Amino acid sequence: MFTTTIAGSLPKPDWLSEPEQLFASWKLEGDALVEGQRRAAREWIEHQQEAGIDIVTEGEQGRIHFVHGFLQHIDGIDWQLKTPMGIRDNRYTVEVPTVTGPISRTGSVHGEEARYARSVATNQLKFTLPGPMTICDTIADLHYGKRADMAMAFADALNQEARELEAAGVDVVQFDEPAFNVFTQDVQDWGIDALHRAIDGLNCTTAVHICYGYGIEANRQWKDSLGSEWRQYEEIFPAINASRIDQVSLECAHSRVPLSLLGLLKDKQLMVGAVGVEADIIETPEEVAATLKAAMKYVDKERIMPCSNCGMAPIAYDVALAKLRALGAGARLAA
Ligand SMILES: [Zn+2]
């Protein structure tokens, strides 16, 4: 049998925030908001366990965005000073907050959410954090000067948070690094070093998620520009395979990644994305099984963990639920 999991985020219910948007604001406030986030997390954990997902997440129900949810609790950032920035090597432009002083974590960010998720999940629990490189590609810098230096400062803050998550009983801490597919030379020069700093001293399982982005229009256009074979992974896999990270989450469903590249990660557990995050596709269990079997040509079955390609935050709740069920059923078919 496979051990199944998901990349991380799941849609928020429409009573908690505006659906199918990336930066939707909350519809509740104060204690009602915390209670709502908990209820949404509990319901997604139950949905995953019923769908046969072995390592569950709280679906990132407590944060508005996968990077900014972490940054909101970090000192050294001026949220009023918005700087236009060409995210992911100018794939799209966003007004981002600006680092104006030394980065420091003033207190727990996701600790309460993790402790609550641990109290309701009977399965293993994974918790996601943004990776240092991806943070640096989502915020402007007026203080550090060099991206690598700022990444190390964020890695220290992430490490403090990861240690708290481990103490809360989290089984897997995953760092989301979509920027790894864009700045492939930086991955080798300092990206892995920053990840190592973020996992320093952890005894739990560690993971990195490297995707081609949410199923939003800017990413679709970018993917269309990448040609018939997506070989970005090829440039970074040797460095990742040599790293101390245990698991790697990859985009394999509906992607033009040649699956032969998975052979470069000989020493890692591979979370093979077998459902996509397109809003208008619900995979059948047979399609999920076919993707897993295609990966098994290049990876020992024991090292494959069926997974989603990426976070499902921006898609409809019912579509995400159907994808979870297809993933669980497809994994059982291919087992
Ligand atoms: Zn992703």
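Taken together, the values in this text are just the output of simple stated rules run on the coordinates, not laboratory data. This structure is a prediction, so every number in the text was calculated from the model and none was measured. Here the Cβ positions follow ideal geometry from the backbone for every residue, glycine too, while neighbour counts run over all protein chains shown.
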Every residue in the stretch 1-51 that is within 16 Å of the ligand (Cβ to nearest atom) and among the polar types (S, T, N, Q), please.
THR5, SER9
Given the conditions (1) in a helix (DSSP H, G or I); (2) within 16 Å of the ligand (Cβ to nearest atom); (3) without any contact (Cβ under 8 Å) to a residue 40 or more places away in the chain, which single one is not true for LEU261?
(2)
How about the stretch 183-242: which of its residues are of a type in the set (A, V, I, L, M, F, W, C), within 15 Å of the ligand (Cβ to nearest atom), under 25 Å from THR57 (Cβ atoms) and in a loop (DSSP other than H, G, I, E, B)?
CYS211, ILE216
Could we say that ALA274 is in contact with a helix residue (DSSP H, G or I) (Cβ under 7 Å, 6 or more places away or on another chain) and either within 16 Å of the ligand (Cβ to nearest atom) or part of a strand (DSSP E or B) (or both) here?
yes
Filter pass, THR128 being more than 16 Å from the ligand (Cβ to nearest atom) and touching a residue at least 12 places away in the same chain (Cβ under 8 Å):
no
Search result, residues across the stretch 293-323 that are away from the ligand (no atom under 16 Å from the Cβ), under 20 Å from the mean Cα position of the chain (by Cα), of a type in the set (A, V, I, L, M) and farther than 19 Å from GLN21 by Cβ:
ILE304, ALA322
Can you tell me which of GLU43, GLU50, GLU29, GLU58 is touching a Phe, Trp or Tyr at 6+ places or on another chain (Cβ under 8 Å), over 21 Å from ILE216 (Cα atoms) and either of a type outside the set (A, V, I, L, M, F, W, C) or buried (at least 21 other Cβ atoms within 10 Å of the Cβ) (or both)?
GLU58
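Residue-by-condition table, conditions (1) more than 16 Å from the chain's Cα centre (by Cα); (2) basic (Lys, Arg); (3) surrounded by fewer than 16 Cβ atoms within 10 Å (Cβ to Cβ):
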position: GLU112; (1), (2), (3): yes, no, yes
position: TYR116; (1), (2), (3): yes, no, no
position: SER119; (1), (2), (3): yes, no, yes
position: CYS136; (1), (2), (3): no, no, no
position: LEU142; (1), (2), (3): yes, no, yes
position: ALA148; (1), (2), (3): yes, no, no
position: ALA167; (1), (2), (3): yes, no, yes
position: PHE175; (1), (2), (3): no, no, no
position: ILE199; (1), (2), (3): no, no, no
Residue that is over 28 Å from THR100 (Cα atoms) and among the charged types (D, E, K, R), where the choices are ASP171, ASP200:
ASP171
